[in-house]
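J.: Structure in C-alpha cells, see below.
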Amino acid sequence: DVQSMQERFEDSFDIGAAVELYQLEGEHGEVLKHHYGSVVAENVMKPLYIQPEEGEFYWDDADQLVDFANEHDLDLRYHTLIWHSQVPEWFFIDENGNPMVEEEDPDQREANKELLLDRMETHIKTVVERYKDDVDAWDVLNEVVDDGGGLRESEWYQITGDEYIKRAFHAAREAGGEDAKLFLNDYNTEINPKRDDLYDLVERMLAEGVPIDGIGHQAHIQLDWPTIEETEESIRMFDSLGLETHITELDVSLYGYPPTPAFDTYADIPEEAFERQAERYHQLFTLYESLDDAITNITFWGIADDHTWLDDRAEEFNDGVGKDAPFVFDVDMHVKPAYWAMMSEEPAT
Ligand code: G3I
C-alpha cells in the first residue's frame, strides 16, 4: 500500500474527493478510506435531488453519504445549497403557474421575488438544520459570477437581483449558527474579468455584513492553463480578505477547451501526456503547500480516471467519443505518475 495522501498533507490541509454513492463501496471505497480525509457529493446533495417537488424532501441518498463520513471519520463538504443548474424548475414558477422570469407587471414581479426568496430560505434552512452537526463546510452558493464578468444572469439573479446572494448566506448562518463555515464556490477564479468581479462582490458583501467565511476555488484546470502565477495570485487575493480557502473541485484535464482532439480511449493516451500531467501536479502541490496558511482543504472532483465529468465534455465535442484522465489514480485505481509527483516522491519500484 502506498502512502495515504491525507497523511502526507494532514499538517497542511485535508485531501478530499467528490463521490457518487456507488463509490462508497468496493475498490473505490477502499481508496477513499485510505487516501482521503474529506468527502463531498458529486450530485446527490444538489437542490434537484434534495427537493425535487416543493415541500418534498428526499434525504435517503444524502443520508448515506453523511453516515459514511461519520462512520469513517471523514470531514464533509456540502455541495451545494443553491445553484443555477440542477435546480428544479418549480422554484421559478409563480402561484399562477407562470414562469417568473417572463413576468412584466411590477407588482407581480415584486411578489414573485419574495416568493422565490422564501422558497430559497426554506430550502436552505431545512437542509442546514438537518445536517449542521455533520457538515464541516457549506457551499452556500455556486457559480454566481459570469465568465465574462458581472453577476451571472441566472433565474435567481433575474428575479431577485443580488438579493438572493445576501439572503442565502444570512439564512445559512441563522440555521447553522456561528460555527457553520459558509463558502462561495466558483470556477475560473484565476481569470479576469471574473476574478476581479468575484473579489469586488465578496468585498462588498463582507462590508454589508453578509456572513461569508470562505472561497471555494473549483480548480478545473488544464496542463498549461491557468498559469501557476495566476493560481497563486488568486488564492492570495481572496486570502487577503480574511477568508478561508478551499480548493474544491480539482482535476487536471489533458485537453484545452473545447477539448479537441480527444484521445478516444484510455489506452490511446500516451505516457508523455501522463508525464506532463505529473509535472503539473508537482507544480500545483508545491504551490499549495507554500500557501498552507490559507488553504485548509483540497478536494478532487472524483477519485480515479474511470469516473469523471470531463469524459462527458470530451465526448460532447467529439461526436460521442473521447476519454480524459484528470486524476492521480488510473482507471484500475492504481497510482499514476501524478500521484508520485504530487507527493514529491520517487515512484516505488
Ligand atoms: O440522474 C440522472 C439519471 O437519472 C439519468 O438517467 C442520467 C442520464 O443522462 O442522467 C442523470 O443525471 C446526470 C447527473 O450528473 C447525475 O449523474 C446529468 O445528466 C448530468 O448532467 C450530471 O452531471 C453533473 C454536472 O455537475 C451537472 O452540471 C456531473 O456529474 C457533476 O460532476 C458536475 O459537477 C459540477 C459541480 O457541481 C459544479 N462545478 C462544475 C462541476 C463539473 O461540471
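Read-outs throughout are calculated quantities, based only on the coordinates presented, and are distinct from any laboratory measurement. Model, not experiment: these values are computed from the prediction. Positions of Cβ are backbone-derived with ideal geometry, glycine not excepted, and every protein chain shown enters the neighbour counts.
J.: Pull out the extension gain between Asn192 and Asp224, defined as 0.36 nm times the separation in residues minus the alpha carbon to alpha carbon distance; nm, one decimal. Write out the running numbers ahead of the final one.
T.: Working: separation 32, 0.36 × 32 = 11.52 nm, distance 1.68 nm.
Value of the extension gain: 9.8 nm.
J.: I've got another one for you. Considering Cα pairs under 8 angstrom that are at least six residues apart, work out the relative contact order of the chain and quote it in whole percent. It would help to have the intermediate numbers written out before the result.
T.: Values: 614 pairs, mean separation 55.7, N = 349.
Relative contact order comes out at 16 percent.
J.: Mind pulling up the Rg/Rh value for segment 51-185? Radius of gyration and Kirkwood radius, both on Cα.
T.: Numbers: Rg = 15.7 Å, Rh = 15.8 Å.
A ratio of 0.99.
J.: Moving on. Relative to the compact globular guide of 2.2 N^0.38 Å, what is the alpha carbon radius of gyration of segment 102-179, as a ratio?
T.: Numbers: Rg = 14.1 Å, N = 78, 2.2 N^0.38 = 11.5 Å.
Against the compact-globule rule of thumb, the ratio is 1.22.
J.: Any idea what % of Cα-Cα pairs in segment 184-275 are farther than 22 Å? Intermediate values should be presented prior to the final figure.
T.: Working: 1562 of 4186 pairs.
Distances greater than 22 Å cover 37 percent of the Cα pairs.
J.: P(r) for segment 201-344, please, calculated from all Cα pair distances in 10 Å bins and given in %.
T.: 11, 39, 30, 15, 4, 0
J.: If every alpha-carbon in the chain counts as one equal scatterer, what log10 I(q)/I(0) does Debye give at q = 0.08, 0.09, 0.14 1/Å?
T.: Each listed q corresponds, in turn, to -0.39, -0.49, -1.20.
J.: Another one. Using helices alone, what [θ] at 222 nm do you get for the chain, with -39,500 (n - 2.57) per DSSP H run of 4 or more residues, divided over all residues and rounded to the nearest 500?
T.: Values: 12 runs with 138 residues, N = 349.
One gets -12000 deg cm²/dmol as the mean residue ellipticity at 222 nm.
J.: Let me ask you something else. Evaluate E = 1/(1 + (r/R0)^6) for Glu346 and Gln64, where r is the Cβ-Cβ distance and R0 equals 41 Å; express this FRET efficiency to the nearest 0.05.
T.: Working: r = 39 Å, r/R0 = 0.94.
Efficiency for this residue pair is about 0.60.
J.: Quick check for segment 5-343: number of Lys pairs with alpha-carbon distance under 30 Å, counting only pairs 8 or more apart or on different chains?
T.: For segment 5-343, the number of qualifying lysine pairs is 27.
J.: Could you please report the charge total around Lys46, scoring K, R as +1 and D, E as -1 over all other residues with beta-carbon less than 11 angstrom from its beta-carbon?
T.: Details: positive: none; negative: Glu42, Asp61, Asp139.
That works out to -3.
J.: For Val145, what residues show an amide H to amide H distance below 5 Å, using hydrogens built from the backbone and excluding near sequence neighbours?
T.: Counting only residues 5 or more places away or on other chains, the set is Arg152.
J.: Could you please rank Met205, Met100, placing first whichever residue has the fewest other Cβ atoms within 10 Å of its Cβ?
T.: Numbers: Met205 17, Met100 20.
Listed from fewest to most nearby Cβ atoms, that is Met205, Met100.
J.: Please give me the summed charge of the neighbours of Glu230: other residues whose Cβ is under 14 Å from its Cβ, Lys and Arg +1, Asp and Glu -1.
T.: Working: positive: Lys194, Arg195, Arg236, Arg280; negative: Glu190, Asp196, Asp224, Glu229, Glu232, Glu233.
That works out to -2.
J.: With a/c under 1.5 counting as rounded, go ahead and sort segment 155-195 into rounded, prolate or oblate using the C-alpha gyration tensor (a ≥ b ≥ c being the square roots of the eigenvalues; past the cut-off, prolate if a/b is larger than b/c, else oblate).
T.: Numbers: a/c = 3.75, a/b = 1.35, b/c = 2.78.
It is oblate, given that a/c is not under 1.5 and a/b is not larger than b/c.
J.: Mind listing the long-range amide H neighbours of Leu254? Cut-off is under 5 Å, sequence gap 5 or more, other chains count too, H placed in the peptide plane at 1.01 Å from N.
T.: Ala325
J.: What is the order of Tyr22, Tyr255, fewest Cβ neighbours within 10 Å to most?
T.: Tyr22, Tyr255
J.: Once Rh is set to the Kirkwood radius over Cα pairs, what Stokes-Einstein translational diffusion coefficient, in µm²/s, holds for segment 140-228 at a temperature of 20 °C and a viscosity of 1.002 mPa s?
T.: Values: Rh = 13.7 Å.
Stokes-Einstein gives a translational diffusion coefficient of 156 µm²/s.
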